[in-house]
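Taking it in order: structure first as structure tokens, then the write-up.
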Amino acid sequence: MAVYDQNNIFGKIIRGELPAQKVFEDDKTIAFLDIMPRAPGHTLVIPKAPARNLLDVNPDDLAHVMQVAQKIAQAGMKAFGADGVTIQQFNEKAGGQVVFHLHVHVIPRKEGEAMKPPATFKETPENLAAHADKLRAALA
Ligand code: AMP
């Protein structure tokens, strides 16, 4: 089993070494917008504690991440007038994982609108900021 590498991109976001559009933070968790959203409001929820993925995460941290994912999903429904929410979570390269710090994708969905293919569309900073504002307002 591969080990956690603290130099991954999300580790840098946790330490404040890289910027992110954060929409929620508590003592154990951060939620921020995906820079290549598959639909508007696409958010990633991560534990602050080091965990490569679902296979090695502390079960209590996993439970907390899922509680926050539920909050973000509810806020995404409201903020984006969504009809549903897709949750995705990938483990190891063979499982589709690209960034090796556990993350849960929360993607608001509209009826009849397909998700963009992964890593095909980089959102503008202005739109990301506007989407983050909407989510923060719905979470307040
Ligand atoms: P995966 O590991 O397959 O779940 O994919 C990693 C996700 O992280 C992709 O959806 C990327 O668009 C997203 N991503 C990569 N770098 C950043 C970043 N600096 N800030 C926010 N999201 C990112």
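Of note:
- Reach of Lys122 by Cα under 21 Å, taken over lysines that are not fewer than 8 positions away in the same chain: Lys12, Lys22, Lys110, Lys134
- For Arg109, nonlocal amide neighbours, meaning residues 5 or more places apart or on other chains whose placed amide H falls under 5 Å from its own, are Asp83, Gly84, Val85, Thr86.
- The residues of the chain present an accessible area of 54 Å² per residue when probed at 1.4 Å with all protein chains retained.
- Highest-fluctuation residue, Pro47, Pro19, Pro108 considered, GNM on the chain with Cα pairs under 10 Å: Pro19
- Check: the chain dipole with +1 on Lys, Arg Cβ and -1 on Asp, Glu Cβ, in debye: 180 debye
- Solvent exposure, largest accessible area first (probe 1.4 Å, DNA, RNA and ligands not counted), of Lys110, Lys12: Lys110, Lys12
- Taking θ as phi - 60° and the Karplus parameters 6.51, -1.76 and 1.60, the scalar couplings of region 124-129 work out to 6, x, 5, 5, 4, 5 Hz in sequence order, x denoting glycine and proline.
- Per residue of the chain, the DSSP helices (runs of n ≥ 4 H) give a summed -39500 (n - 2.57) that works out to -9500 deg cm²/dmol at 222 nm.
- Scattering profile of the chain at q = 0.12, 0.13 Å⁻¹ [log10 I(q)/I(0), Debye over alpha-carbon scatterers]: -0.44, -0.52
- Taking N as the residue count of region 21-100, its C-alpha radius of gyration divided by 2.2 N^0.38 Å amounts to 1.09.
- Peptides ranked, highest mean first, by Cβ atoms within 10 Å: ranges 93-100, 68-75: 68-75, 93-100
The values are calculated or read from the model by the stated rules, or taken from the named source; none is laboratory data. As the structure is a prediction and not an experimental result, all values here were calculated from the model. Note: ideal-geometry Cβ built from the backbone for every residue, glycine included; neighbour counts use all protein chains shown. Ligands, DNA and RNA are excluded from the accessible area calculation, which covers all protein heavy atoms including side chains. Shrake-Rupley method; radii C 1.70, N 1.55, O 1.52, S 1.80 Å.
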